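Colleague: Below: one structure in structure tokens.
The values are calculated or read from the model by the stated rules, or taken from the named source; none is laboratory data. Since we're looking at a predicted model, the values are computed, not measured. Because the Cβ atoms are built from the backbone with ideal geometry, glycine has one as well, and the counts that use them run over all protein chains shown. All accessible areas refer to the heavy atoms of the entire protein, side chains included, with ligands and DNA or RNA removed. Shrake-Rupley method; radii C 1.70, N 1.55, O 1.52, S 1.80 Å.
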Amino acid sequence: MMLVTSEKPTSVGTRRAISALPWVTTVSRLVLAGVLIAAGWQKIGTPVLSVQAVEAYELLPESLAKVVGYGLPILEIVVGVLLVVGLLTRVAGMISMLLMLAFVIGIASAWARGLRIDCGCFGGGGQLKAGAEPDYLLTILRDTGLFALGVVVAWFPPGRLALDSALGLTPGREVYDAEGDEEEPHVKENR
């Protein structure tokens, strides 16, 4: 007699990894949200310094640098809040990825061109004071890690404590096999 099930034989390790995935996504969401909210919050009270930080990169025309400088703190806070509550999670994850990628490119560009600036990531920004050394490598590594968290958030279901799930904005419980593919029904023989 043949029994058709949707279960694929999995190892204990694979099952643990699958059951941990919602928590990994949740933690990724919340860490990314915390960083974005903190960064936006520290800049929103002093938008002139935010504009100054964007202009220091010397990548954008002055008029566009002003728009980015004024708009970036608001965008960071809004995306961070969406990540905290788990609403439009994949979109927020993709926006976070794009922001982190832009930050990495901007910082790498400043480093390559020999600019001596503060990234302005958490307020401030602009030219460094005499004797101060830029920490471009650490900033690039941090933002690359945050980019990776954005990939997790954008790629996988929103995890625990997410409004997307509560409001039915995500498909039903998705189960993945060890390769990350959705499982296909398998045939088991019942002897």
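Colleague: Scan the stretch 43-54 for residues that are in contact (Cβ under 8 Å) with a residue 60 or more places away in the chain and touching a helix residue (DSSP H, G or I) at 6+ places or on another chain (Cβ under 8 Å) and jot them down.
Modeller: Residues satisfying the conditions are LYS43, LEU49, SER50, GLN52, ALA53, VAL54.
Colleague: Of these, ALA39, ALA53, which one is open to solvent by less than 40 Å² (accessible area, probe 1.4 Å) and farther than 18 Å from ALA92 by Cα?
Modeller: Just one listed residue meets the conditions, ALA53.
Colleague: Being farther than 14 Å from GLY120 by Cβ and in a helix (DSSP H, G or I) is the filter here, so list the residues in the stretch 72-86 that pass it. Spell out how you get there, then give the answer.
Modeller: Start the filter on the stretch 72-86 by keeping residues that are farther than 14 Å from GLY120 by Cβ, which leaves 74-75, 77-86.
ILE74, LEU75, ILE77, VAL78, VAL79, GLY80, VAL81, LEU82, LEU83, VAL84, VAL85, listed by residue number.
Colleague: Still on this structure: In contact (Cβ under 8 Å) with a residue 60 or more places away in the chain, open to solvent by less than 40 Å² (accessible area, probe 1.4 Å) and among the aliphatic types (A, V, I, L, M): does that describe ILE107?
Modeller: No, not satisfied.
Colleague: Just to be sure I understand, how many residues within the stretch 139-163 are of a type in the set (D, E, K, R) and open to solvent by 20 Å² or more (accessible area, probe 1.4 Å)?
Modeller: Number satisfying all stated conditions: 2.
Colleague: Going residue by residue through the stretch 19-35, is there one that turns out to be more than 19 Å from PHE147 (Cα to Cα), among the aliphatic types (A, V, I, L, M) and open to solvent by 30 Å² or more (accessible area, probe 1.4 Å)?
Modeller: Yes.
Colleague: Output the residues belonging to the stretch 56-81 that are touching a residue at least 40 places away in the same chain (Cβ under 8 Å) and either of a type in the set (A, V, I, L, M) or open to solvent by 80 Å² or more (accessible area, probe 1.4 Å) (or both). So that I can check it myself, show each step before the final result.
Modeller: Taking the stretch 56-81 and keeping what is touching a residue at least 40 places away in the same chain (Cβ under 8 Å), we get 56-59, 76-77, 79-81.
Result: ALA56, GLU58, LEU59, ILE77, VAL79, VAL81.
Colleague: Name the one entry in MET100, MET94 that is of a type outside the set (Phe, Trp, Tyr), open to solvent by 70 Å² or more (accessible area, probe 1.4 Å) and under 16 Å from the mean Cα position of the chain (by Cα).
Modeller: Result: MET94 is the single residue among MET100, MET94 that is of a type outside the set (Phe, Trp, Tyr), open to solvent by 70 Å² or more (accessible area, probe 1.4 Å) and under 16 Å from the mean Cα position of the chain (by Cα).
Colleague: Would the stretch 111-128 turn up any residue that is in contact (Cβ under 8 Å) with a residue 24 or more places away in the chain, over 27 Å from TRP155 (Cβ atoms) and assigned to a helix (DSSP H, G or I)?
Modeller: Yes, the stretch 111-128 contains a residue that is in contact (Cβ under 8 Å) with a residue 24 or more places away in the chain, over 27 Å from TRP155 (Cβ atoms) and assigned to a helix (DSSP H, G or I).
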